[in-house]
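Notes follow once the structure below has been shown.
Bear in mind that the values in this text are calculations on the coordinates, not laboratory data. Just so it is clear, the model here is predicted, and its values are computed rather than measured. Note that each Cβ is placed from the backbone with ideal geometry, even for glycine, and that neighbours are counted across all protein chains shown.
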Amino acid sequence: MNYDVKFEHNNESEIENFVGIEIFSTSEIEGIGGIYKDSYKDFIVKEIIESGKVLEIKEDREINPYLPDKDNFTTFNLIKINMDTFKAVKKICRELKIPREKIFYSGLKDKCSISVQKISIKGNYIEDLKNLNIREIFIRSIRPTKKPVNLGSNRGNNFTIFIRKIEDTLNLKDKIEDTLKKLRNNGFPNYFGLQRFGKYRPNSHLIGRALLEEDYEEAFKVFVSHTYSSESSNLSILRKEIGNSLDNTSKLKVAYKKFPKSLSYECKLIEHIIQYPGDYKGAFGNLNSDLLNLIINAFQSYLFNKMISLRVKKGYPLFQPVEGDNIGILDDINGNLTDVRYCYGKNYDNYLDKAIELNRATIVVPIIGFDTDLDQFPFMNQLFEEIRKEVNLSPNIFNSHFLDKYDLKGSIRAQIVKPIGLELVEYSDDEIYPGNKKIKIEFSLNKGSYATMLLREIMK
């Protein structure tokens, strides 16, 4: 069987389509092109904590003493450079000689960036952290706390981003301003971005689906040996060698010697199959629960993306509700979703229209989990059924023990997201790519929303 996935141009747009990101909210405005993340210095992410405070890269505060009868955790600002959160946490655990389970954080930050976020460690690690010396990791504002940082407890993230190598076309600045104005006023589709699926190897959702279907051999092959034209050709050759050797342990050992050990998750899976041939289910027992959780999440995210895209492709509005839509009420302070929802097309439509106009309510889409009742989402249920048949998905897939084991309950997510404080801070010549322009933009997003999805609207 041919497991190659070939994209015609290997560009980001094709890969986005592969994971359900198919439409723009500003399609009537031509994109400016350009590149982002040319350097990690061009992408700065600062966590916004529950109080609304934006963490700053250089901030530091005096350290209070740890009081054992009062404090249970050591909390600090983690500044990381060109490194993902998983890797930074792994390095800290190794240096402090502590298990991964002792570290808590609110969310994952981009790898190619300078970022700052809150981290907590169970116990008193004030002195250890003061003396910690890890390349490209900086520890600031260490303090003892009674409670840890919780997953999803941050309010959002603040971004400062450069887009470079923009061709200097007629009325370029006006076009940029028009796009930013529309994004400020209307927002953009609240897609799950490529970080959720893999930028060069967009397969997390496919692994997640195979695990939910309890097809562990398929999950292994998708994870390890299937190839993508957007990935390095040399790595694709090595992956094929692994795939062609799975029924012969001796050949598999030879192929594995050439396989890059930096791909630690794949290596764990391969090593298990070498030791226990054919035990694909057991191989996934070697992966940590956080990773498996993210992989299952990716499949749920894929379905969410597909539902938004199908809605627009079928001619339904993105920003206005239709009969059968669910409308979620937003809280007064943070603009986050509350548990209060109404079905559009009944007695409250006038009030809901006004609430949406005042940014007090928004259209919501289900993230389908083991307890989701799609009958409560009449319009989206129709779209999901169409997608389910299109991708040949069993109606029983969400009865999988994986969803229950990792407590992946159903939830809701806003269909659109509006950036906060979106501004064009700089428009100038690009010193790195002479003859081109660069722009610097700043904005904030509520937690769970992706800055890259805003950038694609500008760049296209």
Helix check for the chain. Which DSSP H runs span at least 24 Å along their own axis by Cα, with a mean Kyte-Doolittle hydropathy no less than -0.5?
289-313
Rounded to the nearest angstrom and ordered from largest down, what semi-axes does the equivalent ellipsoid of region 3-103 get from its C-alpha gyration tensor (root of 5λ)?
40, 20, 14
With r as the distance between the Cβ atoms of S39 and Y427 and R0 = 22 Å, compute the FRET efficiency 1/(1 + (r/R0)^6) and round to 0.05.
0.70
Given points 7 Å out from each Cα along the Cα-Cβ axis, report the D60 to I274 separation in nanometres with one decimal.
4.4
In region 1-36, which GluC sites (Glu not before Pro) fall in coil by DSSP and have 15 or fewer other Cβ atoms within 10 Å?
E8, E28, E30
On a 32 Å Cα-Cα criterion, which of the cross-link pairs K118/K258; K258/K281; K261/K389; K122/K221; K111/K405 come out too long?
K118/K258; K261/K389; K122/K221
By its C-alpha gyration tensor, with a ≥ b ≥ c as the square roots of the eigenvalues, how is the chain shaped: rounded for a/c under 1.5, else prolate for a/b larger than b/c, else oblate?
rounded
Roughly how far apart, in whole Å, are the Cα centres of region 73-105 and region 106-152?
6
Please compute P(r) over all alpha-carbon pairs of region 307-414, binned at 5 Å starting from zero, and give each bin as a whole-number percent.
2, 11, 20, 22, 19, 13, 8, 4, 0
Please go through region 222-327 and write out the trypsin sites (Lys or Arg not before Pro) that DSSP classes as loop and that have at most 16 other C-beta atoms within 10 Å.
K261, K314
So for R0 = 25 Å, FRET eff. of V391-K87 from the Cβ-Cβ r, to 0.05, ends up at 0.15
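Test of the criteria: in region 116-170, which trypsin sites (Lys or Arg not before Pro) are in a DSSP loop and have at most 16 other Cβ atoms within 10 angstrom of their Cβ?
Loop-located and lightly packed - R135, K146.
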